[in-house]
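Here, each number is a calculation from the coordinates, and none is a lab measurement. These figures come from a predicted structure and were not determined experimentally. Reconstructed Cβ throughout: ideal geometry from the backbone, glycine too, with neighbour counts over all protein chains shown.
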Amino acid sequence: MKPPRFRYYAPHSLEEALAVLAEMADEAKPLAGGQSLIPMLNMRLARPSLLIDLNGLHELSGIELDNGALVVRAMTRHRAVERSPLVAEHTPLLAEAIRWVGHLPIRTRGTVGGSVAHADPAAELPGVLMALDGTVQLTSRRGQRLVPAEDFFIDLLTTAAEPDELVTEVRFPSLPSRTGTAWLEVARRHGDYALVGVGAVVSLAEDFTTVTEARLSFIGVGGRPVRARLAEAALRGQPVAAETWRAAAATVRGEIDPAGDIHASAEYRRYVAGVLAERALALAAERAREGARQ
Amino acid sequence: MTAVGTERRVIRVVVNGVPYEREVEARLLLSDFLRHELGLTGTHVGCEHGVCGACTVLFDGEPVRSCLFLAVQADGHAIETVEGLAPSESELHPLQLAFWEKHGLQCGYCTPGMLMVLKAFLAEHPNPTEEEIREAISGNLCRCTGYQNIVEAALSAAQLMRQS
């Protein structure tokens, strides 16, 4: 349980990091918070010959608003997101979900960019990004591009990032008024990987009795975060009522296709996904009303 | 471009207030650096993949898993281990005192990690609920106590620290 031998390089600027990555893309691994990469090294599941440590790059850290969108730079720690009043105010779904990421000493070290780049299908941040139709900024020496979350997450631990590209920031767009969000999750212990988690976004009409738009983004039920598009489409125009959420839960159970593993069977995950969807939709709708009252 | 980076590096760290300078392999984990290079064996190593929490130390005051941390990454930073908790040879830290009085340990393997994560947690939450304590230690496994006495010890330590 010790890492294999590797060379270690701590660049002083993003430019330096990108230059080395461009040259050594096949054998190098960028090191962010290390909360997934170092266990993989310890277990010898990864054997890069070079680690490029991004932890000294302060230019990659920070949270700000840009044209109404919340921008979180890649090396921002989970703890910084958890403590940020800006996140709580502008992207409450992220603030709610971040508390479910790992345990305290994991969040101290883990980074937003690292979690997104690692793309664990049970991780919270990719699920939040999918729920909010966020984007991932990828930077390489060749240039910069913005990839929508939908196109970024491809499969288990697989993303649209090329080997010479770094995730440099993620963007969470602002939500329309009369919109509420909720993050719910079932895990064996608080902080363990989710068996199933869901982010719900519900927008209401001016009279607060009708759903104008709803989104459901699940983690733990596939190789990547999964949007329940059929349930979302069926929710549009429906009344704000317990029966609406219950019907959505049934649609969710029909459209997702989770796998079973040692932690939970496929049937259990499918059932729980429905329960969580029902609760999260009700909570998000309630928050949409409360938010408007304030 | 050839041979970017190095397999060994010289690092300077301050551990429990004492400065050290060592040349280490880049792949050396902080947990092994503390134990094998500095002889600070109070930091325990359980799973070595970030699950058990026994190796938790404070990095610039914040709790981290020292088994998920390269020693070279600690260059220029301050580390605090369980050896740095007690104010002197004859006195215990309030957390240590509370763990003793409330029987917060049996075999003691998880104890250093519990103490370090709780030190950071109580600094931020001086008056925690039982629920908050359970969440704070959720990343630290104990196979003896059933956690009950650890939670009681943490509550008791919080009270002791508020009074002092």
Taking the Cα centre of segment A:145-248 as origin, sum charge times position over the Cβ atoms of Lys and Arg (+1) and Asp and Glu (-1), and report the length of that vector in debye to the nearest 20.
340 debye
Can you tell me the Rg and the Dmax, both Å, for the Cα atoms in chain B?
16.6, 60
Per residue of A:9-16, what is the mean number of Cβ atoms on other protein chains within 10 angstrom of that residue's Cβ?
2
Could you tell me the largest-minus-smallest coordinate of the C-alpha atoms of segment B:96-164 on each of the three principal axes, in descending order and whole angstroms?
29, 23, 17
Residue B:27's amide H: which non-local residues (gap 5+, or another chain) put their own amide H closer than 5 Å, with H modeled 1.01 Å from N in plane and none for Pro or chain starts?
A:6
How about segment A:163-258: which trypsin sites (Lys or Arg not before Pro) there lie in a loop by DSSP and see at most 14 other Cβ atoms within 10 Å?
A:188, A:189, A:236
Nitroxide proxy distance, nm - points 7 Å out along Cα→Cβ at residue A:27 and residue A:241:
6.7 nm
Reference-scaled alpha-carbon Rg (2.2 N^0.38 Å with N residues) for segment A:42-94
1.51
Determine the distance separating the Cα centre of segment A:206-242 from the Cα centre of segment A:22-61; give it in Å without decimals.
37 Å
On average, how many beta carbons from a partner chain sit within 10 Å of the beta carbon of a residue in B:70-78?
3
Under 20 Å from the residue B:77 label point (7 Å along Cα→beta-carbon), backbone N, segment A:1-29:
A:2-4, A:6-14, A:17, A:29
Under a plain spin-label model, where a point goes 7 Å from the Cα along Cα-to-Cβ, how far apart in nm are residue A:250 and residue A:86?
4.6 nm
In segment A:58-107, which GluC sites (Glu not before Pro) are in a loop and have at most 12 other Cβ atoms within 10 Å, using DSSP for the loop call?
none
Give me A:14, A:50 ranked fewest to most by other Cβ atoms within 10 Å of their Cβ, as a rough exposure proxy.
A:14, A:50
Please find the FRET efficiency linking residue B:10 to residue A:151, where r is the Cβ-Cβ separation and R0 is fixed at 41 Å, and quote it to the nearest 0.05.
0.40
Straight-line reach check, residue A:2, cutoff 18 Å on alpha carbons, 8 or more apart in-chain or any other chain, hits among lysines -> A:29
When Lys and Arg each count +1 and Asp and Glu each count -1, what net charge do the other residues less than 9 Å away from residue A:252, Cβ to Cβ, add up to?
0
For segment B:75-125 and segment A:180-196, compute the distance between their C-alpha centroids and round to whole Å.
30 Å
Below 12 Å, Cα to Cα, which aspartates and glutamates can residue B:119 reach? Residues fewer than 8 away in the same chain don't count.
B:62, B:80
Taking a temperature of 20 °C and a viscosity of 1.002 mPa s, what whole-number D in µm²/s does Stokes-Einstein yield for segment B:8-84 with Rh from Kirkwood over alpha carbon pairs?
179 µm²/s
With unit charges on the beta carbon (Lys/Arg positive, Asp/Glu negative), name the residue among A:181, B:84, A:45 whose Cα is farthest towards the positive pole of the charge dipole of the protein assembly as shown.
A:45
Considering the convex hull of the alpha carbon atoms of chain A, report its projected area averaged over all viewing directions, in nm², one decimal.
15.1 nm²
I want to make sure I understand the PRE zone here: with the label point 7 angstrom from the Cα of residue A:275 toward its beta carbon, which residues in segment A:162-200 have backbone N atoms less than 18 Å away?
A:183-200
Just to check I understand the Karplus step: with θ = phi - 60° and J = 6.51 cos²θ - 1.76 cosθ + 1.60, what whole-Hz values come out for segment B:115-130, glycine and proline as x?
4, 6, 5, 6, 4, 5, 5, 5, 5, 8, 10, x, 10, x, 8, 4
